[in-house]
1. On the first, second and third principal axes, largest extent first, how far apart are the outermost C-alpha atoms of the chain in Å?
2. Show me the chymotrypsin sites (Phe, Trp or Tyr not before Pro) within the stretch 5-67 that DSSP assigns to loop and that have at most 13 other Cβ atoms within 10 Å of their Cβ.
3. Below 18 Å Cα-Cα, how many Lys pairs turn up in the chain? Only count pairs eight or more apart in sequence, or on different chains, if you could.
4. Given the DSSP H assignment, sum -39500 (n - 2.57) over each helix run of at least 4 residues in the chain and divide by its residue total; what's the result at 222 nm in deg cm²/dmol, nearest 500?
5. Most fluctuating residue of G13, G28, G42 in a GNM of the chain with Cα springs under 10 Å: which is it?
6. For the stretch 16-66, what is the charge dipole size about the Cα centre, in debye to the nearest 20, if Lys and Arg each add +1 at the Cβ and Asp and Glu each add -1 at the Cβ?
7. For an R0 of 25 angstrom, estimate the FRET efficiency from the Cβ-Cβ distance between I62 and D18 and round to the nearest 0.05.
8. GNM on the chain, C-alpha springs below 10 Å: top fluctuator among D56, D18, D34?
Amino acid sequence: MKNTVKLDDLLFGITKEDIQIKAMEKIGRLLTGDELKTAQKGLETGLTFDIDAVYDAIFDEIIHQKG
């Protein structure tokens, strides 16, 4: 049987539930809708800030696993 890869499958995700759990841990309460929007903006900025360095680290590890 042929192993196919679906290119649109999500590899990483952070849900509102994930953020709310962290909010409870860090500030002792759930975030409001506006605060969730702020959190989303922060995640998008932070996680895309230096994505090339992340990709470099991923592919370096993959290359070294094979070698």
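Any read-out appearing in this document is the output of simple, stated calculations on the displayed coordinates, not a laboratory observation. This is a predicted model, so every value here is computed, not measured. Here the Cβ positions follow ideal geometry from the backbone for every residue, glycine too, while neighbour counts run over all protein chains shown.
1. Reported extents, whole Å, longest axis first: 47, 31, 19.
2. Within the stretch 5-67, the qualifying chymotrypsin sites (Phe, Trp or Tyr not before Pro) (loop, at most 13 other Cβ atoms within 10 Å) are F12, F49.
3. Taking the chain as the scope, the lysine pair count is 6.
4. Numbers: 3 runs with 44 residues, N = 67.
Computed ellipticity for the chain at 222 nm equals -21500 deg cm²/dmol.
5. So, out of G13, G28, G42, the one fluctuating most is G13.
6. 300
7. Details: r = 26 Å, r/R0 = 1.05.
Between I62 and D18 the formula returns 0.45.
8. D56
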